[in-house]
Each structure stands twice: as C-alpha cells, then as structure tokens.
Amino acid sequence: MNWSVVIPLMLFLLLIFVIGFWASKHIRTTNTSFLSEYFLGGRQLGGLILAMTMIATYGSASSFIGGPGVAYTEGLGWVLLAMSQVVTGYFVLMVLGKKFAIMSRRYKAVTLIDFLKGRYQSKWVVLVSAFSIIIFLFSAMAAQWVGGARLIESLTGLSYISALFIFALSVLVYVILGGFRAVALTDTVQGIVMLLGTLILLIATIAAGGGIDNIMADLQAENPNLITPFGAEGTLSASYVSSFWILVGVGVVGLPHVTVRAMSYKNSKAMHRALIIGTVVVGFIMLNMHLIGVFARPIMPGIEVGDKVMPLIALEVLPAWLAGVVLAAPMAAIMSTVDSLLLVVSSAVVKDVYLNYIEPKATPKKVKKLSFSITAILGILVFLMALDPPDLLIWLNLFAFGGLEAAFIWPVVLGLYWKKGNKYGALASMLIGILSYIIFHLYLPNLFDMHTVVMPVLLSLAGYVVVSIATSSRTTVPE
Amino acid sequence: MSEDKERFRIAHREAWIGVGLAVFNFIWWFGFAYGLGGASPASYDYIFGLPSWFFFSCVLGFIIMAVLVILVVKFWFVEVPFEEEGGEDS
C-alpha cells in the first residue's frame with residue numbers, strides 16, 4: 001500500500017466526518033421543522049456554500065473520472081464539449097431564480113416534488129415524479145458508488161469490496177448525521193479541494209510535458225485530430241458536441257438534486273454571490289480538469305482504461321504526498337454527488353410518498369426516525385448493487401440524468417412561468433419525456449447525430465404545451 | 001397582491017437575462033470552435049501555446065462569460081425579499 005497517498009486521503013475523509021458531526025448539532029438543536037432542516041438545511045445557505053454545493057453536485061464521477069479519461073482519448077474536442085458546462089454556473093440559478101425561491105417558500109416546499117404538488121395539485125404528478133426520481137437516481141447513485149470504490153481501489157490497492165465498504169461507510173455516516181447542511185458544507189470543502197487539486201495537477205502536468213507548445217506539438221505529431229474540435233477519429237461532429245449543451249448544460253435545470261439547491265438559499269444576496277462564484281469556479285474546474293486529460297497523453301501514452309488517467313498522471317508528475325492531496329479531488333467529486341443523490345432519494349421516499357399518502361399524520365419523532373433509517377437502508381441497497389457493478393460508468397450515469405431532465409425540465413420551468421400549464425400537461429410531459437427517452441436510447445440512439453436527450457426534451461415540451469391547451473377548459477389556474 | 005407583481009416582474013426579467021446569456025455563450029463558443037477549428041490542423045495559429053480556436057472558444061469565452069455574469073449581477077439584478085408577509089417557519 002502506498003502510504004504517502006493513503007494518509008492525505010484519510011485526513012481528507014476525517015475532515016469530512018468532523019463537518020458531519022458539527023452539522024448534526026444543528027439537527028438536534030434546530031427550532032425550525034426537522035424535515036426542512038434535514039432535507040434543506042433550513043433554507044439558510046449563503047452565497048459561497050450555495051455555489052459550491054451546486055458545482056460539486058453536478059461535477060460528478062462522470063465528469064471527474066470519466067471526463068479526463070475521454071479527453072485523453074479524444075483530445076481538445078472533448079474539452080470543448082466539457083466547456084458547455086460553464087452555462088450551468090449561471091443558467092440554473094437565473095432561470096429558476098427568484099420566482100422559484102418565492103414560490104417554493106409559499107408552497108412550503110422542501111423537495112422538488114413538493115413544488116410540483118403545490119403548483120399542480122395532483123396526486124398523479126406527485127406519484128409519477130417520486131417514482132421516476134427513485135428509479136433513475138438510484139441507478140445513477142449505484143454508478144457513482146462504483147466510481148468511488150474503483151478510485152479507492154486503484155489508489156490504495158485494497159480489494160474492490162473493501163474499497164466499496166470504506167466509501168459507503170464514509171458517505172452514509174455524514175449524510176445520516178448531518179443531513180443537507182452537512183452535505184452542503186462538505187460539498188464546499190470538496191469543491192475547494194477540486195479547484196486547487198485540478199489547478200496543481202494541471203501546472204505539474206504542463207511542466208512535466210515541457211510546456212504547452214511542446215505538448216501541442218507532440219499531440220499533433222501523434223495524431224493531428226487530437227488538436228481539432230472533432231475528436232481523435234474525427235467522429236465528434238458539431239451537432240453532437242452542441243447537443244451536450246442540453247444534457248450537461250441548460251438541461252440540468254430539470255435535475256431534482258440540482259433544483260432542490262435552488263430553494264435552499266437564504267436571500268437574494270446569497271443568490272447573487274452564488275451566480276458569480278458558481279460561474280467562475282465551474283468554468284475553471286472544467287477547463288483545468290479536462291486539459292489535464294489531454295496534456296497527460298504525450299507524457300504517459302498508452303493508458304488503456306480511461307478511468308485510470310487521472311490517478312496515474314497524478315502519481316507520475318507529483319510527489320507522492322501531493323498526489324494524495326490532489327487525488328482527494330475526484331474522491332470529493334464523487335462523494336459530493338452521491339451524498340446529494342442519497343438525500344434526494346430519501347426525501348422522495350419519506351416526504352413525497354410516505355408522508356403524502358401512507359401516513360400523513362406521523363409524529364415528528366417518527367418522521368425523524370424514518371428519515372434516518374430510510375437513508376441508511378437506501379445506502380445499504382446501493383452498496384449491494386454496486387458489489388457486482390455494470391461496466392460503463394459514464395453512460396449509465398448519463399442515461400439516468402438524461403431521463404430525469406426530459407421528465408422534469410418543462411413541468412418545472414413552464415410551471416413557474418406559464419400560467420396556462422396544468423396538471424394534465426405536466427403529467428403528459430413527464431410520461432412522454434421518460435418513455436421516449438428509454439425508447440430513443442434503446443432503438444434510435446443519437447438520432448440526427450445529436451445526443452439521445454435532445455428529442456425527448458423536445459417531445460416533452462410539445463406534450464406539455466399541447467395537452468395543457470387542450471385541457472384548459474377543465475382546470476382553473478391557481479394563484 | 002401588488003407586491004407580488006413587482007417581485008415577479010423582476011424575477012421574470014432576470015430569467016430572460018439568463019436565457020440571453022446562454023444564447024450568447026453558445027454562439028461565441030460555437031462560432032470560434034467550428035469557425036477557426038474547421039481549418040486543417042497544419043494551418044492553425046497558436047495563442048499561449050493553444051490552437052487559436054480553442055483559446056478563443058474555451059479560454060477567452062469562459063473569461064468573457066465570467067465578466068458578463070459579474071456585470072449583469074452587479075448592475076441589473078435587484079434584491080427582493082422571498083418571504084411572505086408573516087413569513088414561514090425559518
């Protein structure tokens with residue numbers, strides 16, 4: 001075992017635990033309602049924490065482990081694709097924005113589904129959305145856990161199962177202890193680790209490659225396509241790369257674990273600060289991290305498994321102890337996505353299904369107990385699933401997120417800004433979004449040379465608008 | 001609720017600003033990437049060691065977006081209260 005790498009990683013995990021314990025004090029002593037505190041941090045987030053928790057939440061294993069690996073294979077074209085994520089830094093908070101903050105307070109919403117319930121007043125909307133969140137995010141979570149365990153495995157030389165166990169235990173402990181506040185605070189630490197980690201690694205990689213000029217010349221000599229926008233084999237077309245603007249850019253407005261953060265901030269000032277910090281930090285991290293993948297190629301040619309690029313290059317160009325510190329960054333990225341997913345899925349089970357339809361009058365004490373135990377049970381289930389993992393981490397992950405985007409983007413956005421939207425439209429939009437995503441994914445992937453997500457998002461828009469107008473005589477507009 | 005009307009007017013305007021920024025961001029990113037990057041790699045110009053399409057599209061494009069967001073937030077965004085009269089439980 002490589003102790004100089006393992007010790008910084010363990011210190012990092014320890015720090016995360018300390019934050020979890022500290023945040024758990026809030027849960028024990030809070031005078032706001034338990035649910036609002038556990039699932040939403042009592043709506044008290046400030047600007048820095050809001051920005052960091054949003055970035056950390058979507059800067060997931062797919063981009064952090066998979067991303068640099070694909071950039072290694074495809075060259076600068078993949079960095080171009082990754083930069084479509086800069087838009088998330090401002091778009092989500094601006095578009096959901098103040099209206100979402102006001103309306104979610106009015107509905108006393110703690111989850112995305114609470115918001116949909118308040119807006120559409122429909123049991124079916126609630127059940128369909130809860131069901132899709134549980135199914136899709138559960139599978140996304142499993143993919144992330146596999147990523148986390150693989151990373152620990154490759155860094156420490158532990159077996160996959162013990163690595164998975166360490167990962168699962170660390171995440172479960174602080175999520176159950178500290179709830180949303182712990183998640184947001186640890187996200188902030190993790191975001192800072194990602195920012196500094198990628199910066200240090202990028203600089204060291206450039207130095208090891210003999211400067212950017214040198215690296216570019218090496219890449220061009222190996223395969224000129226690596227420095228074009230079109231990928232190593234010339235297969236990344238403009239329309240395909242652009243369609244990622246929907247998948248990882250503007251479409252994240254529909255992701256439940258992202259939207260819930262857009263109802264968690266304290267006031268306008270926090271939101272304004274988060275817009276600026278978020279845009280700068282997300283762009284910086286994405287650019288650095290993917291450039292690392294590209295620049296690693298001439299230094300360490302012939303890496304077969306994309307997921308190993310990041311750990312191997314760190315061990316190659318940095319002193320071992322610093323590599324340990326830097327490699328806490330992808331670890332941080334995975335943990336911070338997993339913790340928010342875990343909390344969102346638990347809230348869907350406890351708040352949206354159980355309290356709405358099974359036992360509305362549960363005592364506060366019971367709700368508390370239930371929340372902790374559901375989080376724990378979900379964690380254990382994911383652990384069991386991740387024991388025998390499916391291979392294609394990045395695509396499994398994108399499947400889940402794409403499906404949720406197609407389901408929720410219009411019921412949320414048009415629900416906020418279009419008065420004529422109604423429950424029939426929302427239901428149609430969700431069903432069309434999910435079903436068409438699955439059908440396109442299986443039978444017509446990447447139709448018209450664009451990512452699969454594009455058509456379902458357009459179809460669900462059509463469904464929302466057409467059905468809302470067709471049924472407008474049957475509903476009265478709330479407000 | 002007239003107070004609502006004013007708050008929502010501000011919220012709607014800011015949402016449209018977000019859409020506008022995203023459209024501008026996309027055009028800048030796309031234009032430089034495929035406008036300059038479509039040429040043969042042998043004829044690329046380099047800025048700070050990076051191919052010029054990449055520098056303009058991804059590096060400069062990111063810096064410009066960051067500056068735009070800062071300006072827009074500082075000069076156009078308005079602080080509004082989120083709580084209702086009487087407030088909620090927080």
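The values are calculated or read from the model by the stated rules, or taken from the named source; none is laboratory data. Everything quoted here is computed from the prediction, not taken from an experiment. For neighbour counting, all protein chains shown are included, and Cβ atoms are generated from backbone atoms with ideal geometry for every residue, glycine included. Remember, those area values only see protein heavy atoms, side chains included, never the ligands or the DNA or RNA. Shrake-Rupley method; radii C 1.70, N 1.55, O 1.52, S 1.80 Å.
In segment A:123-163, how many are of a type in the set (A, V, I, L, M), over 23 Å from residue A:437 (Cβ atoms) and open to solvent by less than 20 Å² (accessible area, probe 1.4 Å)? Spell out the reasoning first.
Within segment A:123-163, the subset of a type in the set (A, V, I, L, M) is A:125-128, A:130, A:133-135, A:137, A:140-143, A:146, A:149, A:151-152, A:155, A:158, A:161, A:163.
From what's left, over 23 Å from residue A:437 (Cβ atoms): A:149, A:151-152, A:155, A:158, A:161, A:163.
Cutting the leftovers down to open to solvent by less than 20 Å² (accessible area, probe 1.4 Å) gives us A:149, A:151-152, A:155, A:163.
Number of matching residues: 5.
Being closer than 20 Å to residue A:82 by Cβ and facing chain B (nearest Cβ under 10 Å) is the filter here; which residues of segment A:245-276 pass it?
Within segment A:245-276, A:245, A:249, A:250, A:253 meet the criteria.
Looking at segment A:99-122, can you tell me whether even one residue there is open to solvent by less than 10 Å² (accessible area, probe 1.4 Å), of a type in the set (A, V, I, L, M) and within 30 Å of residue B:63 (Cα to Cα)?
Yes: one or more hits.
Which of the residues that make up segment A:355-376 are among the hydroxyl-bearing types (Ser, Thr, Tyr) and surrounded by fewer than 16 Cβ atoms within 10 Å (Cβ to Cβ)? Give the steps one after another, and end with the answer.
Narrowing segment A:355-376 to residues among the hydroxyl-bearing types (Ser, Thr, Tyr): A:357, A:363, A:371, A:373, A:375.
Matches in segment A:355-376: A:357, A:363, A:373.
Got a number for residues in segment A:435-479 being open to solvent by less than 20 Å² (accessible area, probe 1.4 Å), part of a helix (DSSP H, G or I) and touching a residue at least 60 places away in the same chain (Cβ under 8 Å)?
Result for segment A:435-479: 2.
Checking residue A:81 against (1) at the interface with chain B (Cβ under 8 Å from one of its Cβ atoms); (2) surrounded by 24 or more Cβ atoms within 10 Å (Cβ to Cβ), which test does it fail?
(1)
From the residues in segment A:43-57 that are surrounded by fewer than 23 Cβ atoms within 10 Å (Cβ to Cβ) and assigned to a helix (DSSP H, G or I), which one is nearest to the other protein chains (Cβ to nearest Cβ)?
In this case the residue turns out to be A:47.
Can you tell me which residues in segment A:348-376 are farther than 25 Å from residue A:116 by Cβ and of a type in the set (A, V, I, L, M)?
Passing the criteria: only A:376.
Which residues, taken from segment A:307-344, are among the β-branched types (Val, Ile, Thr) and open to solvent by less than 10 Å² (accessible area, probe 1.4 Å)?
A:309, A:313, A:326, A:334, A:337, A:338
Among all residue pairs at least 6 apart or on different chains, which show Cβ distances below 8 Å where the first residue, located in segment A:391-415, is within 13 Å of residue A:147 (Cβ to Cβ) and the second is modelled with pLDDT of 85 or more?
Close Cβ pairs satisfying both conditions: A:394/A:70.
Given (1) within 30 Å of residue A:5 (Cβ to Cβ); (2) at pLDDT 85 or above; (3) surrounded by 23 or more Cβ atoms within 10 Å (Cβ to Cβ), identify the lone condition not met by residue A:409.
Looking at each condition in turn, residue A:409 falls short on (1).
If the requirement is being out of contact with any strand residue (DSSP E or B) (no Cβ under 8 Å at 6 or more places or on another chain) and open to solvent by 10 Å² or more (accessible area, probe 1.4 Å), which of these qualifies: A:234, A:249, A:178, A:197?
Values: A:249 fails: open to solvent by 10 Å² or more (accessible area, probe 1.4 Å); A:178 fails: open to solvent by 10 Å² or more (accessible area, probe 1.4 Å); A:197 fails: open to solvent by 10 Å² or more (accessible area, probe 1.4 Å).
Only one candidate passes the filter, namely A:234.
Just to be sure, is residue A:215 modelled with pLDDT of 90 or more, open to solvent by 10 Å² or more (accessible area, probe 1.4 Å), within 11 Å of chain B (Cβ to nearest Cβ) and part of a helix (DSSP H, G or I)?
Details: modelled with pLDDT of 90 or more: yes; open to solvent by 10 Å² or more (accessible area, probe 1.4 Å): no; within 11 Å of chain B (Cβ to nearest Cβ): yes; part of a helix (DSSP H, G or I): yes.
Taking the combined requirement at face value, the residue does not satisfy it.
Could you give every pair whose Cβ atoms fall below 9 Å, whose first residue belongs to segment A:215-241 and is over 14 Å from residue A:296 (Cα atoms) and of a type in the set (Asp, Glu), and whose second residue is open to solvent by less than 50 Å² (accessible area, probe 1.4 Å) and part of a helix (DSSP H, G or I), counting only separations of at least 6 or pairs across chains?
A:233/A:74
Go through (1) open to solvent by 10 Å² or more (accessible area, probe 1.4 Å); (2) in contact (Cβ under 8 Å) with a residue 24 or more places away in the chain and name the single condition residue A:304 misses.
It fails just one condition, (2).
Can you find a residue in segment A:144-158 that is free of Cβ contacts under 8 Å to residues at least 12 places away in the same chain and part of a helix (DSSP H, G or I)?
At the first step, the residues of segment A:144-158 found to be free of Cβ contacts under 8 Å to residues at least 12 places away in the same chain are A:153.
Subset that is part of a helix (DSSP H, G or I): A:153.
Within segment A:144-158, one or more residues are free of Cβ contacts under 8 Å to residues at least 12 places away in the same chain and part of a helix (DSSP H, G or I).
Quick grid of which residues meet (1) part of a helix (DSSP H, G or I); (2) more than 7 Å from every other protein chain (Cβ to nearest Cβ):
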{"site": "B:6", "(1), (2)": "yes, yes"}
{"site": "B:24", "(1), (2)": "yes, yes"}
{"site": "B:36", "(1), (2)": "yes, yes"}
{"site": "B:58", "(1), (2)": "yes, no"}
{"site": "B:63", "(1), (2)": "yes, yes"}
{"site": "B:70", "(1), (2)": "yes, no"}
{"site": "B:74", "(1), (2)": "yes, yes"}
{"site": "B:79", "(1), (2)": "no, no"}
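Identify all residues within segment B:38-55 that are open to solvent by 60 Å² or more (accessible area, probe 1.4 Å), assigned to a helix (DSSP H, G or I) and hydrophobic (A, V, I, L, M, F, W, C); write none if there are none. Can you show your working first?
So in segment B:38-55, the residues open to solvent by 60 Å² or more (accessible area, probe 1.4 Å) come out as B:40, B:42-43, B:45-46, B:48.
Checking which are assigned to a helix (DSSP H, G or I) leaves us with B:42-43.
Once the filter is applied, which keeps residues that are open to solvent by 60 Å² or more (accessible area, probe 1.4 Å), assigned to a helix (DSSP H, G or I) and hydrophobic (A, V, I, L, M, F, W, C), segment B:38-55 yields only B:42.
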